[in-house]
Amino acid sequence: MSTLSGDSLIQQLEWRYAAKKFDPSRKISAADWAVIEKALILSASSYGLQPWKFIIVTDPALKAKLRAASWNQAQVEECSHLVVLTAQQDITEADLDRFIARTAEVRGTTIESLGGYKGYMMGDLVNGPRHAIIKEWAARQTFIALGNLLTSAAVLGVDACPLEGLEPAKYDEILGLKGSGFATISACPLGHRSPDDKYASAPKVRYEAKDVIDHR
């Protein structure tokens, strides 16, 4: 049974917004950050394959370099923690073997018993037509994690600002990702809003339920 009430969840989602100004003097507590990292790890992904890496940037000099590659958006430099979401650029049989081995380890079963599951993934992601768009497939998985990150942060009272307004190739260069098999997809500064961020009190603009939800 969840200890978070429905009203409390909606209250935090109403409180959440894409923070335009962070208070650089306020850092996310170590306890809250540990929860946020765990939430990232627990994010859902297709097949549970987790084709991503999350790069956490707190070094001021590195954040300043990344700000220049982020359309000069101040949040990148002013935030407490910057999460860069990267996606695998290919999925191979070796990747599936690694995942199957981890699954067997965690669930206390044998690799052989998971042969059918591996075969299903092979037929879809490695040998199937989806392999032609595997970069896009992996990128879409990172947006599931990004959504989970935003909600988890909001529940903790931590502000965030999801960003696609950046230059992925420059991020890859600055972070040394070239040749790693991963590439930048998006970024998310997190911290605590500045008291003078006028957008914090702006009404949230959403369509009415009847315009976006279709019951059948």
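Values in this text are rule-based calculations from the coordinates and carry no lab data. Keep in mind the model is a prediction, meaning the values are calculated, not measured. In this analysis, Cβ positions are derived from the backbone assuming ideal geometry, glycine residues included, and neighbour counts consider all displayed protein chains.
A compact table of results
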read-out	value
Members of region 165-199 found to be of a type in the set (Ser, Thr, Tyr) and either farther than 22 Å from Trp137 by Cα or not in a helix (DSSP H, G or I) (or both), listed by number	Ser180, Thr184, Ser186, Ser194, Tyr199
Any hit, region 26-39, residues being closer than 17 Å to Leu150 by Cα and of a type in the set (Asp, Glu)	yes
Filter pass, Ala153 being out of contact with any Cys (no Cβ under 7 Å at 6 or more places or on another chain), closer than 17 Å to Glu37 by Cβ and in a strand (DSSP E or B)	no
Check on Thr58, surrounded by fewer than 19 Cβ atoms within 10 Å (Cβ to Cβ), hydroxyl-bearing (Ser, Thr, Tyr) and under 30 Å from Pro195 (Cβ atoms)	yes
Residues of region 66-76 that turn out to be of a type outside the set (A, V, I, L, M) and under 19 Å from Leu149 (Cα atoms), as a count	1
Test for Glu37: is it surrounded by 13 or more Cβ atoms within 10 Å (Cβ to Cβ), not in a strand (DSSP E or B) and not basic (Lys, Arg)	yes
Among (1) part of a loop (DSSP other than H, G, I, E, B); (2) touching a Phe, Trp or Tyr at 6+ places or on another chain (Cβ under 7 Å) - the single one Arg206 does not satisfy	(2)
Test result for Cys161, buried (at least 17 other Cβ atoms within 10 Å of the Cβ), in contact with a Gly (Cβ under 7 Å, 6 or more places away or on another chain) and within 14 Å of Cys188 (Cα to Cα)	no
Failed criterion for Leu175 (all others in (1) over 16 Å from the mean Cα position of the chain (by Cα); (2) more than 20 Å from Tyr17 (Cα to Cα); (3) surrounded by fewer than 17 Cβ atoms within 10 Å (Cβ to Cβ) hold)	(3)
Qualifying positions in region 127-147 - touching a Phe, Trp or Tyr at 6+ places or on another chain (Cβ under 8 Å) and buried (at least 16 other Cβ atoms within 10 Å of the Cβ)	Ala138, Gln141, Thr142, Ala145
